[in-house]
Amino acid sequence: MNYIVLDLEWNQACNHEFENPRIPFEIIEIGAVKLNKKLKLIDSYSSIIKPKHYKKIQPHIKSILNYDEATLKKGRPFDMVFREFIKWCGTDYIFCTWGSMDLSYLQNNMDYYYMKPFPSPLKYYNIQQMYSDIIDKESSMIKLEKAVENMAIPVDRPFHSAVNDAYYTGLILQKLSPRDIEDRYCYDVYNNPKEKEDEIVSYHKNYMEHISKEYDDKNEALKDAELFSMICYRCGKKISKKIKWYANTPNSYVCVGKCWYHGLVQGKLRFKQSKEGKIFAIKTMLPTDKKGMENIRKRQDELRIKRQEKRHSKAN
């Protein structure tokens, strides 16, 4: 299997008044490098795309790109470039990206041109998250340039060119070279599960992930006992409740339980909106400790006091 390290450049409307809601971010460049199973760079791909909607580059985007509108006019249509790119990828590959947005924007553009979607669920590697987990747990959203600097990777080509950024991302993956890379995959949720039988439950070394089916609204989801079940991230067995699920924010919930075999377990649940306007949830169960549990309990107490103060102020 090969690793396709993908990077995109995209443009958007200079004024929201002229934004096309079906394609708010129009891809103007696809760049990628191909690594073999030993993470050796074996090929690269690069192509400029001639925009259909946003022919004038938005000022902020223009300030960081290495080309202008004249270059875009020489590009080819998205559907032509995409088909060529997918053929270049081959038949046995997995995508790798810096962050989680590239695949969403790519699939949005595919939808706009009524192209066949990727198989679902779509596994990929988030190299930005991988860097954070291995190198710097405090910097989950670190920029590519900073990561390159931190890893002392020579800068011999400009950033903000899709193929160059893919190249640097590939070099970071080479230097990280985690032995447990097979366990570090994640799922893209642009095409999220629709029905119960489509739900995704995956067990990793240090966490369990459950991506739910769609619900008409959050109230329907809150009635799903299985979604809010508390289970161990390792053995999958039900665990005793230490802190029941509570709303940490309007769209996220947390809890803490204890597994007889594997200790304290923290649950996180986030509600997201599907592209059709429905609701689905991503639940993760992962290990924690007494300090982590006390922080979660402290947060719960703070929220309870705030609610009481709000009710008191309304009563007066």
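Read the figures in this text as sums done on the coordinates, not as results from a lab. What you see is a predicted model; the values in this text were computed from it and never measured. So basically every Cβ, Gly included, is an ideal-geometry build from the backbone, and we count neighbours across all protein chains shown.
Points to keep in mind about this one:
- Within region 6-40, restricting attention to residues that are of a type in the set (Asp, Glu) and either more than 21 Å from the chain's Cα centre (by Cα) or assigned to a helix (DSSP H, G or I) (or both), the residue that is nearest to Thr97 (Cα to Cα) is Glu19.
- Out of Tyr168, Tyr93, Tyr114, sole residue that is out of contact with any Ser or Thr (no Cβ under 8 Å at 6 or more places or on another chain), aromatic (Phe, Trp, Tyr) and more than 20 Å from Ile4 (Cβ to Cβ): Tyr114
- Selection from region 186-197 of residues that are surrounded by 15 or more Cβ atoms within 10 Å (Cβ to Cβ) and either assigned to a helix (DSSP H, G or I) or under 16 Å from the mean Cα position of the chain (by Cα) (or both): Cys186, Tyr187, Asp188, Val189, Tyr190, Asn191, Asn192, Pro193
- The set of residues in region 198-245 being surrounded by 14 or more Cβ atoms within 10 Å (Cβ to Cβ), assigned to a strand (DSSP E or B) and among the hydroxyl-bearing types (Ser, Thr, Tyr) consists of Ser202, Tyr203, Tyr215.
- Residue within region 302-309 that is in a helix (DSSP H, G or I), touching a residue at least 12 places away in the same chain (Cβ under 8 Å) and more than 21 Å from Lys205 (Cα to Cα) present: yes
- Cβ-Cβ distances below 6 Å connect the following pairs, each with a first residue in region 39-52 that is closer than 26 Å to Cys14 by Cβ, a second residue that is assigned to a strand (DSSP E or B) and small (Gly, Ala, Ser), and a separation of six or more residues or different chains: Ser46/Gly31.
- Any hit, region 1-21, residues being buried (at least 20 other Cβ atoms within 10 Å of the Cβ), out of contact with any His (no Cβ under 9 Å at 6 or more places or on another chain) and not hydrophobic (A, V, I, L, M, F, W, C): yes
- Number of positions in region 110-138 that are among the hydrophobic types (A, V, I, L, M, F, W, C) and outside any helix (DSSP H, G or I): 4
- Residue count for region 112-132 under the criterion of being touching a residue at least 40 places away in the same chain (Cβ under 8 Å) and either surrounded by fewer than 15 Cβ atoms within 10 Å (Cβ to Cβ) or farther than 29 Å from Ile86 by Cβ (or both): the result is 2.
- Hits in region 41-74 (condition: among the hydrophobic types (A, V, I, L, M, F, W, C), farther than 24 Å from Leu171 by Cα and not in a loop (DSSP other than H, G, I, E, B)): Ile49, Ile61, Ala70, Leu72
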